[in-house]
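The values are calculated or read from the model by the stated rules, or taken from the named source; none is laboratory data. Everything numeric here is computed off the predicted structure, so don't read it as measured data. Cβ placement follows ideal geometry from the backbone for every residue including glycine, while neighbour counts extend to all protein chains displayed. Heavy atoms of the whole protein, side chains included, go into the accessibility calculation; ligands, DNA and RNA do not. Shrake-Rupley method; radii C 1.70, N 1.55, O 1.52, S 1.80 Å.
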Amino acid sequence: MMGRLGILLLCQTVRAGRLNETMPYCSDVVPCMQVAANNFTFQCRLAGPQQGTPVILLHGFPKWSYWWLPLLARWETGADGLRGIACDLRGYSPAASPDDPELYAYSHMVADVLAIADAFQLKAFHLVGHDHGANLGWNVAGLAPAGRLLSYTSLTMPHPDAFKRLMGPGPDADELQQLTSTFNNQFALIDSASRNGEVLSWFMDYGGFETRRAEDFQRALWWYYAAFSDKNPSMGARPPVDSFAQVWKTDAMPLILAIQKMIPLRVAPAQPGRGHLGNISIPVMFMCGAQDNLILCTRASHKRTAEYVSGAYTYRNVSCAHDFFYAGRTGCSTEADAGAVMEAITTFILSHTRREGGPQPLLSHDAQPPRVLQDYSLPLFLVGIFVVLFAASRLPLHHPPYLL
């Protein structure tokens, strides 16, 4: 009996451990945990003092919470007094990936973000978003109850209403940004990950999903599908499907041309969006990568973001491409530039941590640790080993089948 129990315990530790195998780069410096929120379970990583000023970080496409590791590692020292919370969002956390593509609209994911904040019992928090996570962040800033957000920092993405104006048809259209974003039409297909022999999935390394399954990557792509779905009350403006000849005008031509070859679509005009997010009354920083060849946020069309923010507004241009925390072709010009980005984000957040009337309590007075699914795999593994060894020592040597 003891031998079988030990084997059962060992099997149980393998099953328990699998949940964290999908979350790489966990460490004592930036630990990981499973957080129950909005009827899902999100994979999250934390850094900084437990009672520090909370900052929720929203990753983009196809990125994961580990994209924030350089910033989290800085905050872990405690010198800035900030507590970073970065989760693998809907479609990335395995237990937060519904099968209905309509459930990937920003309105649903806003509820995820607020539920994660509730799980940590945050009365108020700062928010930072990048790429698709920045679009989500704008929606959280516009839809969250008054007083819930202390500030919002958008990396790369302008206000959604400004983006609709420049992406859709009409006098405010930005032709160069429309050309650069034409691949959104391929990404927004309901089955883009599996079309034509999964060629898009192969090209994008299955979005970083360790399963390397198109159906998993598809859930990340459904962010695009839902953003342009006619069932979405805040549907985004769809860029035109451009011809090969037009695509040559943009710096992102190799990427766009490759995607058009993988999933050819008929040329089609831009389509208007609908709905308006409206004014953002909290402090906002819009940080733009001057060398970004995907989101051309140095252009006047993107700078219209200022028209939609009545709170304190900062526009900052940095010497980076699309990835802000790394030096290289898709990142910042130098490590010093990446460090300057982290310094600017930290300084902006700290400058808006205290509001009128003095310091504000950011955690509930009776705040407890969030309801998480603890990872007991290592203790159970050790217990299982002990039980098996103990059982083996009590068994006669001539009876090895008992352990099989």
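Here r is the Cβ-Cβ distance between His276 and Asp205 and R0 is 56 Å; the resulting FRET efficiency, rounded to 0.05, is 0.95.
Between Glu307 and Arg212, the C-beta separation translates, for a Förster distance of 30 Å, into a calculated FRET efficiency of about 0.10. Rounded to the nearest 10 square angstrom, Lys123 shows an accessible area of 90 square angstrom against a 1.4 Å probe.
Ignoring lysines fewer than eight residues from Lys164 along the same chain, the ones with Cα atoms less than 28 angstrom from its Cα are Lys63, Lys231, Lys249, Lys261, Lys303. Largest accessible area first, the listed residues Leu69, Leu265, Leu200 line up as Leu265, Leu69, Leu200 when surface is computed with a 1.4 Å probe on the assembled protein chains. Calculate, for Ala290 and Leu265, the FRET efficiency according to 1/(1 + (r/R0)^6) with r their C-beta to C-beta distance and R0 30 Å; round to the nearest 0.05. With a Förster radius of 30 Å, E is 0.45.
Amide H to amide H distances under 5 Å link Phe42 with Val35, Ala36, Ala37, where only residues 5 or more positions off or on other chains count and H is placed in the peptide plane. Taking trypsin sites (Lys or Arg not before Pro) across segment 288-333, the ones in a DSSP loop with at most 16 further Cβ atoms lying within 10 angstrom of their Cβ are Arg299, Arg329. Just the number, please: percent antiparallel of the DSSP beta bridges in segment 32-352, rounded to the nearest 5. Close to 30 percent.
With both labels modelled 7 Å from their Cα along Cα-to-Cβ, the Ser27 to Lys123 distance reads 3.5 nm.
Between segment 82-101 and segment 287-345, the C-alpha centres lie 25 angstrom from each other. Give the accessible area for Tyr315 in Å² (nearest 10); use a 1.4 Å probe, count only protein heavy atoms, and leave out ligands, DNA and RNA. The accessible area comes out at roughly 70 Å².
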